[in-house]
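A.B. asks: Before anything else, here's the structure in question.
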Amino acid sequence: MTSAPHEYPEAAPGAERLDHFMARAAAAYYAAYDPFQDFATSPEISQAFGECLGLWAAVTWQAMGRPNPVMLVECGPGRGSLMADALRAIAEMMPDFRAALRVHLVETSPRLRGTQAAKLGDAVAAWHADMASLPEVPMILLANEFLDALPIRQFIRRADGWRERHVLGGAFVELPSDIALPKDAPEGAIQEVNEAAQHFAAWFGARLKRHGGAGLLIDYGPAESGFGDSLQAMRAGQPVDPLVAPGAVDITAHVDFAAFAAAARAAGAVAHGPLPQGVFLQRLGFMTRAAMLARLDPARAQAQLAAAHRLTAPEAMGRLFKVLALCDSSLPIPAGFETA
């Protein structure tokens, strides 16, 4: 829940636009804190998650014509767990792909880079502060809970028109909007705009058009665009006010998958999905792998199966989390996105 706005001035000296506030707060948080003390991501819940995504990348590489070399890129790689699990599965099941791929990680936090280096060692070819510095070769991209941390702008419809939320003194102030928004929105409606995500989608779509490849983006949010306030923050696993203690809490927002896919399509990519995470994982054989892990480790069998349920069940993470694939136009429908 966010702080209720109380001020509607025409100017507010010192007020910070919400996306600027969010970007600054997120950068400070990831530089100083271990985010996994505040939340658990899918790769940390079950090793089968990263294994399935690694084999999805392997099948996609085959569909691309088996380019060598090819980049396997992860945006927001956290502790490196997803990539470690993916590489292990790839090496066992598709050694030709393992020999051809070069791992590139997009990570801005020096602390997290150190954690990733400790887990992955010399498997990492390079780290990047942003996507623009990636080499110009074919790529397969994985991004789990990356888009939700990108900063959003928020606009609220008032009787006299749209106003934009800024932050001042731990609360919202609303200033006149400088962009066009729907005129028929009801009073009180909140419109979120993620310009950073749209820029990323446009860059990636153009990149796929130039060099080929694919990307898999997994995050939480609705499949269709709509009104609503999704700004949120977590500390020690509990929701807290996102405007208080910036840099000390994990601040995120839901992903607008429809807007993201539209921006990628406009740049030349083909979009598939989004699908509910539970449906996608089950199509990849995730439950079979989880059951196998349970049999191999009877002492942790119940925990393995509980983790699989958490990632796939509609009442847990299986419906809120979505999976979107972006591909170049030469590729077939990617694994997991085939119509029944």
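A.B. asks: What are the residues in the stretch 226-271 that are over 30 Å from Pro186 (Cα atoms) and modelled with pLDDT of 95 or more, if any?
C.D. replies: Listed by number, the residues that qualify are Ala267, Gly268, Ala269, Val270, Ala271.
A.B. asks: Looking at the stretch 1-27 only, could you name the residues that are at pLDDT 75 or above, small (Gly, Ala, Ser) and surrounded by 14 or more Cβ atoms within 10 Å (Cβ to Cβ)?
C.D. replies: Matches in the stretch 1-27: Ala15, Ala23, Ala25, Ala26, Ala27.
A.B. asks: I've got another one for you. Quick one: which of Asp130, Asp160 is of a type in the set (Asp, Glu), free of Cβ contacts under 8 Å to residues at least 40 places away in the same chain and not assigned by TED's automatic domain parsing to the domain that holds Ser330?
C.D. replies: Of the residues listed, the single one that is of a type in the set (Asp, Glu), free of Cβ contacts under 8 Å to residues at least 40 places away in the same chain and not assigned by TED's automatic domain parsing to the domain that holds Ser330 is Asp160.
Yes/no matrix, rows are residues, columns are (1) surrounded by fewer than 20 Cβ atoms within 10 Å (Cβ to Cβ); (2) of a type in the set (D, E, K, R); (3) in contact with a strand residue (DSSP E or B) (Cβ under 9 Å, 6 or more places away or on another chain); (4) in the same structural domain as Gln47 (by TED's automatic domain parsing):
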residue: Pro274; (1), (2), (3), (4): no, no, yes, yes
residue: Gln282; (1), (2), (3), (4): yes, no, no, yes
residue: Arg300; (1), (2), (3), (4): yes, yes, no, yes
residue: His309; (1), (2), (3), (4): yes, no, no, yes
residue: Glu315; (1), (2), (3), (4): yes, yes, no, yes
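A.B. asks: Right, here's the next one. Test Asp178 against the stated conditions and say whether it is in contact with a Ser or Thr (Cβ under 9 Å, 6 or more places away or on another chain) and modelled with pLDDT under 95.
C.D. replies: Here the answer is no, as Asp178 does not meet what is asked.
A.B. asks: Sticking with this structure for a sec: Determine whether Leu175 is in contact (Cβ under 8 Å) with a residue 24 or more places away in the chain and under 28 Å from Gly205 (Cβ atoms).
C.D. replies: no
A.B. asks: Among what's in the stretch 124-171 and is in contact with a Leu (Cβ under 6 Å, 6 or more places away or on another chain) and small (Gly, Ala, Ser), pick the residue that is surrounded by the most Cβ atoms within 10 Å (Cβ to Cβ).
C.D. replies: Ala143
A.B. asks: Which number in (1) crowded, with 23+ Cβ neighbours inside 10 Å; (2) farther than 30 Å from Thr60 by Cβ marks the one condition that Ala253 misses?
C.D. replies: (2)
A.B. asks: Going by the structure shown, is Pro242 crowded, with 24+ Cβ neighbours inside 10 Å, over 15 Å from the mean Cα position of the chain (by Cα) and either touching a residue at least 60 places away in the same chain (Cβ under 8 Å) or in a strand (DSSP E or B) (or both)?
C.D. replies: yes
A.B. asks: Kindly establish whether Ala233 is touching a Pro at 6+ places or on another chain (Cβ under 9 Å), more than 30 Å from Gly170 (Cα to Cα) and either assigned by TED's automatic domain parsing to the domain that holds Ala25 or part of a helix (DSSP H, G or I) (or both).
C.D. replies: Numbers: touching a Pro at 6+ places or on another chain (Cβ under 9 Å): yes; more than 30 Å from Gly170 (Cα to Cα): no; either assigned by TED's automatic domain parsing to the domain that holds Ala25 or part of a helix (DSSP H, G or I) (or both): yes.
So Ala233 fails the test.
A.B. asks: So, in the stretch 72-99, of the ones that are buried (at least 20 other Cβ atoms within 10 Å of the Cβ) and of a type outside the set (A, V, I, L, M, F, W, C), which residue ends up nearest to the chain's Cα centre (by Cα)?
C.D. replies: Gly76
A.B. asks: Here are some conditions: (1) free of Cβ contacts under 8 Å to residues at least 12 places away in the same chain; (2) buried (at least 24 other Cβ atoms within 10 Å of the Cβ). Asp219 meets all but one. Which one does it not meet?
C.D. replies: Answer for Asp219: the failing condition is (1).
A.B. asks: Can you name the condition, by its number, that Leu53 falls short on among (1) outside the structural domain of Ala325 (by TED's automatic domain parsing); (2) under 13 Å from Leu142 (Cα atoms)?
C.D. replies: Of everything listed in (1) outside the structural domain of Ala325 (by TED's automatic domain parsing); (2) under 13 Å from Leu142 (Cα atoms), Leu53 misses just condition (1).
The values are calculated or read from the model by the stated rules, or taken from the named source; none is laboratory data. All figures in this text were calculated on a predicted structure; none of them were measured in a lab. Heads up, the Cβs are rebuilt from the backbone with ideal geometry, glycines too, and the neighbour counts pull from every protein chain shown.
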